[in-house]
Amino acid sequence: MANPSDRVLIFDTTLRDGEQSPGASMNLAEKLEIAHALRALGVDIIEAGFPIASPGDFEAVQAIAREVNGPTICGLARCAAADIDRAAEAVKDAAQPRIHTFISTSDIHITHQLRSDRKSVLAKARECVARARAQISDIEFSPMDATRSELDFLYEVLEAVIAEGATTLNIPDTVGYATPAEYGALIAGIRKNVRGADKVVISTHTHDDLGLAVANALAGVEGGARQVECTINGIGERAGNAALEEVVMALRTRSDVYKGLHTAINTKLLVPSSRKLALVTGLAVPRNKAIVGQNAFAHESGIHQDGVLKHRNTYEIMVPADVGLTDTELVLGKHSGRHALRQRVEALGYHFDDTQFQLLFEQFKALADRKKTVYDADVEALAEAMLHKGSTSAMWTLEAFTTNAGTGTIPMAAVCLWRNDGEIFKDAAMGDGPIDAIFKCIERIAGIEVKLRDYRVRSVTDGEDAQGEAQLECEYQGQTLRGRGVSTDIVEASAQAFLQVINRAAQKLGPARLNPYDVQPVAAAQEAAGS
């Protein structure tokens, strides 16, 4: 059934296309948390992942399908029988499952990537949509690189998949090549020239390579599309996708232009959702980012400040509270109980079972002993640290460390790590500074060397007793891995962030192993010394 003409469906692909941003991979617990946040935000469809890509992706899509009620849960699949069947298996337990299948239709992709021809592509599209429809009733089809495809062939493929049972036609600007005028005309042309297009939902999927993703998505909506594929903060492959928050607020703020088109998004959760994703992935939101950036409602110019003080509408076209910005927050302290903390955690949009919450409460009490006041940002930091640990135990855990540094001295560190088989390892090293020395110890104990690409430290809240957040970006075997740690001790936060990177690298290696330096477990080292 076609979508009502005044409602634009929001198809969120943060967990699929968004996760393909270098270093933005998430563990199962983090994906579930983001999926719950998307449900609360009010998205219509969650593209939970690419089930055949890996066992972990399949597990995540399946878990989201089983646990997140409300939105349609979608799994991506190439036009291949194995992909279709795997996606169907992953989403089958959802109340509203969807399979999203795709194949390239541009000659440049058909010739050079698929090494195929138009006739074979058409046959494959028909076959796979029919196979998907035999298992799941809600089928989305994408002609990849649609904006560089020959129109007559594109129309032919779209008509064929409608005949086989596709319910949504998504039109990807895969390489971010189109301009708004071109993309809007493409959508309008499909609605006019493809038989059966009036019986299905037409969708946009735009990339930001030329900085036009949101403009193209909105042009597509003007051309008749009634679903927009987008991501929180616009994350995604290369330069990213259309930003959900920008599309939603453009439709809302300029309803005069978009003639009353609306979404079901709870806009008051846009900023909290943006911050949550940034914390989970380590991909910071630029200060000048539209809608959710730190400067989005800031005014430094004297003229602007004067105007806003006299009448907010002089320089603000949106109300900050409408996107979730507020000047008030609940303050907690060491005398706050479980109920107060749980209430605040849930208000901030986090979901923990009783066991997880007990651990969180213990960490909160420890923090409250070190800090006079615990703010929302502190609670968020604790919650995100819990999520980063994931659904399975990490291979390495920081037991203790000590450092020595100062003017005229050689910086040194000693580190004690616990491995998940119960062994304890210790090592000491010198470095350019105490943090460098700690990193060297951790690398030697774990037997994993990574290349540090970026290292950032910031204060989570105001005050001298504020928690510090350390964020790292490292390269390992050609992949970007990110880590994040939070503590009132910035050295400890840095160690935790680096250890998170090492644990993610260790997961790629498989079973635990000793390092090239043969750092021995404490018990073994003591036995050797005694003999």
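Quick note: the coordinates plus some simple rules give every number you see, no bench work behind them. All values reported here derive from a predicted model rather than from experimental measurement. Every residue, glycine among them, receives a Cβ derived from its backbone with ideal geometry; neighbour counts consider all protein chains shown.
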Check your understanding: So, in nm, how far is label Lys119 from label Thr409 when the simple model puts each one 7 Å beyond its Cα toward the Cβ?
Key -> 7.9 nm
Check your understanding: Full extension from Thr253 to Asp93: what is 0.36 nm times the residue separation minus their Cα-Cα distance, to one decimal in nm?
Key -> 53.9 nm
Point to revise | Net dipole in debye of the chain [+1 Lys, Arg Cβ; -1 Asp, Glu Cβ; about Cα centre; nearest 20] | key: 600 debye
Check your understanding: So for the pair Glu150, Asp454, with labels modelled 7 Å out along Cα→Cβ, what separation do we get in nm?
Key -> 4.3 nm
Check your understanding: Farthest toward the dipole's positive end in the chain, which of Ala429, Leu341, Phe439, given Cβ charges of +1 (Lys, Arg) and -1 (Asp, Glu) about the Cα centre?
Key -> Leu341
Revision key, fill the gap. Per DSSP, the loop-located GluC sites (Glu not before Pro) within the stretch 86-183 having at most 13 other beta carbons within 10 Å are Glu150
Practice item. For a footprinting-style exposure proxy, rank Asp376, Asp17, Asp152 by other Cβ within 10 Å, fewest first. Key: Asp152, Asp376, Asp17
Review point. How far apart, in nm, are two points set 7 Å out from the Cα along the Cα-to-Cβ line at Glu159 and at Ala264?
Key: 3.4 nm
Study note, to complete from the structure: Computed for the stretch 12-123: size of charge dipole around the Cα centre, +1 on C-beta of each Lys and Arg, -1 on C-beta of each Asp and Glu, debye to nearest 20, value 340 debye
Study note, to complete from the structure: Inter-part gap, Cα centre of the stretch 73-91 to Cα centre of the stretch 257-283, in whole angstrom, is 27 Å
Review point. What ranking of Cys230, Cys416 emerges when the number of other C-beta atoms within 10 Å of each C-beta is taken as an exposure proxy, fewest first?
Key: Cys416, Cys230
Point to revise | Computed helical MRE - 222 nm, the chain, DSSP H runs ≥ 4 contributing -39500 (n - 2.57), nearest 500 | key: -12500 deg cm²/dmol
Practice item. Among Phe58, Phe102, Leu261, flag the residue with its Cα farthest along the positive direction of the charge dipole of the chain, charges on Cβ as +1 for Lys/Arg and -1 for Asp/Glu. Key: Leu261
Check your understanding: Which aspartates and glutamates have a Cα less than 15 Å from the Cα of Lys426, not counting those fewer than 8 places away in the same chain?
Key -> Glu399, Glu443, Asp518, Glu527
Practice item. Would you mind checking the stretch 468-501 for residues with the amide N under 15 Å from a putative spin-label position 7 Å along Cα→C-beta of Thr397? Key: 496, 500
Exercise for review: Please work out how much length the chain gains when fully extended from Gln294 to Asp462, using 0.36 nm per residue of separation minus the C-alpha to C-alpha distance, in nm with one decimal.
Suggested key: 58.9 nm
Practice item. Divide the volume of the convex hull of the Cα atoms of the stretch 9-281 by its number of residues and quote the answer in cubic angstrom per residue. Key: 113 Å³
Study note, to complete from the structure: Which residues qualify? For Leu9, with a placed amide H closer than 5 Å and at least 5 residues away or on another chain, they are Gln227, Val228
Practice item. Output the lone cysteines of the chain: those with no second cysteine's C-beta under 4.7 Å from their C-beta. Key: Cys74, Cys230, Cys416, Cys441, Cys474
Review point. Hey, fewest Cβ within 10 Å first, where do Asp209, Asp12 land in order?
Key: Asp209, Asp12
